[in-house]
Amino acid sequence: MTTSPRRALIVIDVQNEYVTGDLPIEYPPVQDSLAAVGRAIDAARANSVPVIVVQHVSPATSPLFARGSDGAALHPVVASRPYDHLIEKTLPSAFAGTDLADWLAAHQIDTLSVTGYMTQNCNISTVLHASHAGLKVEYLNDATGAVPYENDAGYASAEEIYRAFTVVMQARFAAVVSTDDWIAAVKAGEPLAGGSIAASNKKARSRPAVAA
């Protein structure tokens, strides 16, 4: 007999900085991911899944997410909807220096469903933290997004970063699904399955060789 997950939906850093500020989400298109975040919150509320909103705040002199700035404010897609718990954080993981772990334990949550921004920083940090803490993790890939990077290590587009990180999450740390599939699982009270490193690697190695 399958036990229904005790889920909580976490909405990470859906703030203006990623939409109209200096760190715009590029992949998937931010308006698409914002709409998916809104659908996920609405579905969670309709199905008695608690919603946790996370807001990243930096010192007032910081170039991004400065306290009191419009960039640090929650985006209207989140600010206009009710939620059960608000977390303010200063580090990438929503667990680091916050009461998230205690809140989840107090509410007997065993499955954390992740949405928000951005793929390669706060999302992956939170997913890894949750997985290592023994929680099941679900990752709503179309309700998330990435930005491009270029530094001394090289260049990676937002799409490359997004795809690589989501494939890695599915291989070990989370069940990566669409928002629509997550909503269907919530309504049915069913768990979602992740993958494994062995199966993911075996499938990759079995791909036909590309001719030179």
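The values are calculated or read from the model by the stated rules, or taken from the named source; none is laboratory data. Predicted model, so just to flag it, every value in this text is computed and none were measured. Every residue, glycine as well, gets a Cβ built from its backbone with ideal geometry; the counts of neighbours run over all protein chains shown.
Consider segment 177-197 and keep the residues that are in a loop (DSSP other than H, G, I, E, B) and hydrophobic (A, V, I, L, M, F, W, C). The one that is farthest from S33 (Cα to Cα) is A193.
Residues being within 17 Å of the chain's Cα centre (by Cα), among the charged types (D, E, K, R) and closer than 19 Å to A174 by Cα are represented in segment 101-117 by at least one member. For V51, the stated conditions hold: it is touching a Phe, Trp or Tyr at 6+ places or on another chain (Cβ under 6 Å), closer than 19 Å to D142 by Cα and of a type outside the set (D, E).
Of all the criteria given as (1) in a loop (DSSP other than H, G, I, E, B); (2) loosely packed, with under 13 Cβ neighbours inside 10 Å; (3) of a type outside the set (S, T, Y), the one not satisfied by A94 is (2).
When T2 is tested against (1) out of contact with any Lys or Arg (no Cβ under 7 Å at 6 or more places or on another chain); (2) modelled with pLDDT of 95 or more, only condition (2) is not met. Hey, could you check segment 142-176 for residues that are of a type in the set (A, V, I, L, M, F, W, C) and assigned to a loop (DSSP other than H, G, I, E, B) and say which is surrounded by the fewest Cβ atoms within 10 Å (Cβ to Cβ)? Among those that are of a type in the set (A, V, I, L, M, F, W, C) and assigned to a loop (DSSP other than H, G, I, E, B), it is A153. Is there a residue in segment 183-192 that is surrounded by 16 or more Cβ atoms within 10 Å (Cβ to Cβ) and closer than 21 Å to V30 by Cβ? Yes.
A search for C-beta distances below 9 Å between a residue of segment 164-189 that is more than 16 Å from S131 (Cα to Cα) and any residue that is modelled with pLDDT under 95 and assigned to a loop (DSSP other than H, G, I, E, B), counting only pairs 6+ apart in sequence or on different chains, returns A188/S4; G189/T2; G189/S4. Of the candidates A175, A188, A158, the single residue that is hydrophobic (A, V, I, L, M, F, W, C) and either touching a helix residue (DSSP H, G or I) at 6+ places or on another chain (Cβ under 8 Å) or over 19 Å from L9 (Cα atoms) (or both) is A158. Evaluate segment 118-126: report whether one residue or more is under 23 Å from L34 (Cβ atoms), in a helix (DSSP H, G or I), touching a residue at least 24 places away in the same chain (Cβ under 8 Å) and among the small types (G, A, S). Yes, segment 118-126 contains a residue that is under 23 Å from L34 (Cβ atoms), in a helix (DSSP H, G or I), touching a residue at least 24 places away in the same chain (Cβ under 8 Å) and among the small types (G, A, S). Considering segment 39-83, the residues that are part of a loop (DSSP other than H, G, I, E, B) and touching a residue at least 60 places away in the same chain (Cβ under 8 Å) include one that is surrounded by the most Cβ atoms within 10 Å (Cβ to Cβ), namely H75. Taken over segment 99-109, the criterion of being surrounded by fewer than 17 Cβ atoms within 10 Å (Cβ to Cβ) and assigned to a loop (DSSP other than H, G, I, E, B) is satisfied by D99, H107, Q108. Is segment 130-141 home to any residue that is under 25 Å from S62 (Cβ atoms) and assigned to a loop (DSSP other than H, G, I, E, B)? Among the residues of segment 130-141, not one is under 25 Å from S62 (Cβ atoms) and assigned to a loop (DSSP other than H, G, I, E, B), which makes the answer no.
Among the residues of segment 154-212, those identified as out of contact with any Ser or Thr (no Cβ under 8 Å at 6 or more places or on another chain) and among the acidic types (D, E) are E159, E160, D180, D181.
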